[in-house]
Every structure is written in C-alpha cells, then in structure tokens.
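Take a look at the structure set out below.
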Amino acid sequence: VTAQAARSIARLKIDTDVYSLLESGLDRESHRHVIRNAVMNVLVDLRQPQVYPALVKYSKDPYHRDIRTTAIRNLGELAFAIEQHQEETRELLLDYLKAKDPSIRRAAISGLSNLKDDEAIPQLQRVADDDKDEGIRNQARNAIDNIRKEEGTGLTTENAKRIDDLEKKQKEYE
C-alpha cells in the first residue's frame with residue numbers, strides 16, 4: 001500500500017516538498033524491499049536532487065541486491081536529469097561494471113546509458129567485447145548506441161567499430 005501511495009504521488013505531480021513527504025520510505029523495511037525501491041523510483045521520476053546521497057548509499061554493500069540495482073540504475077537517470085553529480089556518478093557506475101554479480105553490472109550499464117556520458121563509452125566497449133555474459137555484452141552495445149544517439153553522432157556500435165578499424169588500417173598504411 002505504501003509503495004502504491006508513493007507511485008500515486010508521482011502521477012499526481014503534487015506541488016509540495018515531495019522529498020520530505022516520502023523520505024521516511026527510504027528507510028522503511030518491506031517484503032522484497034518494495035517500499036524503498038518504489039520511493040527511490042518516484043523521487044528520481046520527480047527529479048528530487050535530495051535523493052542523490054541516498055542513491056549512493058543504497059548502491060553499495062551491505063544492502064540487498066534488489067535495493068542496490070534500483071539505486072544504481074537511478075543514479076545515472078537522476079544525475080542526467082538534474083545536471084549535477086555527472087562525473088562522480090560516472091566513476092561510481094564504471095566501478096560497478098567490475099562487480100562479480102551480473103545484476104550489479106547490468107544495473108551499472110543501465111545507469112550509464114541513462115547518464116548519457118560519452119566518456120563512459122571506452123569502458124562500455126570493453127564490457128561489450130569481453131564480458132562473459134552475452135546478455136550483458138548486448139546491453140553494453142545498446143548503451144553505447146544510446147549514448148551516441150544522445151551526443152548526436154547517430155553511429156551504432158557496429159558502425160563505430162568499423163570506422164575505428166578503418167582508421168587503424170589507414171594509420172598502418174601511412
């Protein structure tokens with residue numbers, strides 16, 4: 001019920017201090033962490049910058065994987081939307097690309113895709129080339145495509161790689 005109430009607040013777009021209204025839900029325990037995750041999602045959807053420190057906190061151990069993945073995915077979206085904390089967020093998310101847990105790596109890729117920071121492309125390309133999980137490799141390629149679309153190059157990962165290969169061959173011939 002509490003999680004649904006939080007979602008309803010987002011749909012109503014209430015002109016009040018939504019963060020103060022929902023803040024207590026960030027610390028509230030619930031089955032499968034539904035309340036905390038719903039509150040994080042709502043506060044990010046409503047572009048509440050005050051939630052950023054909580055997202056950083058909940059993205060780390062010892063919190064449950066479900067809480068961590070929700071926070072990690074939301075970090076990139078919030079930083080992009082409020083135009084704050086982009087560099088700090090990028091570095092944190094890039095670190096999560098190295099996690100053993102594939103759920104954390106997936107969430108980090110999603111967060112980087114939402115952040116739309118082209119400086120993350122080289123690390124995402126490494127994941128796209130080398131991760132042992134095919135689904136994660138594909139997600140990394142999609143994230144790169146999403147970032148490139150945002151920066152206006154319109155290049156897909158495959159086409160960008162072809163261009164890189166051609167440029168390398170050209171340098172070899174020179």
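The values are calculated or read from the model by the stated rules, or taken from the named source; none is laboratory data. What you are looking at is a predicted structure, and each value in this text was computed from that prediction instead of being measured. Ideal geometry is used to build each Cβ from the backbone, glycine not excepted, and the neighbour counts take in all protein chains shown. These area figures cover heavy atoms from the full protein model, side chains too; ligands, DNA and RNA do not enter into them. Shrake-Rupley method; radii C 1.70, N 1.55, O 1.52, S 1.80 Å.
Considering only residues in the range 53-94 that are among the basic types (Lys, Arg) and assigned to a helix (DSSP H, G or I), the one that is most open to solvent (accessible area, probe 1.4 Å) turns out to be ARG65. Taken together, the residues in the range 71-112 that are free of Cβ contacts under 8 Å to residues at least 24 places away in the same chain and not charged (D, E, K, R) amount to 1.
Pairs please, first residue from the range 28-40 and without any contact (Cβ under 8 Å) to a residue 24 or more places away in the chain, second anywhere and buried (at least 20 other Cβ atoms within 10 Å of the Cβ), Cβ atoms under 7 Å, 6+ apart in sequence or on different chains. Listed pairs, sorted by first residue: none to list.
Of the residues in the range 9-29, not one is open to solvent by 30 Å² or more (accessible area, probe 1.4 Å) and either modelled with pLDDT of 95 or more or under 26 Å from ILE136 (Cα atoms) (or both). Filtered by the rule that a residue be modelled with pLDDT under 95, assigned to a helix (DSSP H, G or I) and of a type in the set (A, V, I, L, M, F, W, C), the range 114-171 gives ALA160, ILE163, LEU166. The conditions of being modelled with pLDDT under 95, over 12 Å from the mean Cα position of the chain (by Cα) and more than 22 Å from ASN142 (Cβ to Cβ) are not met by GLU87.
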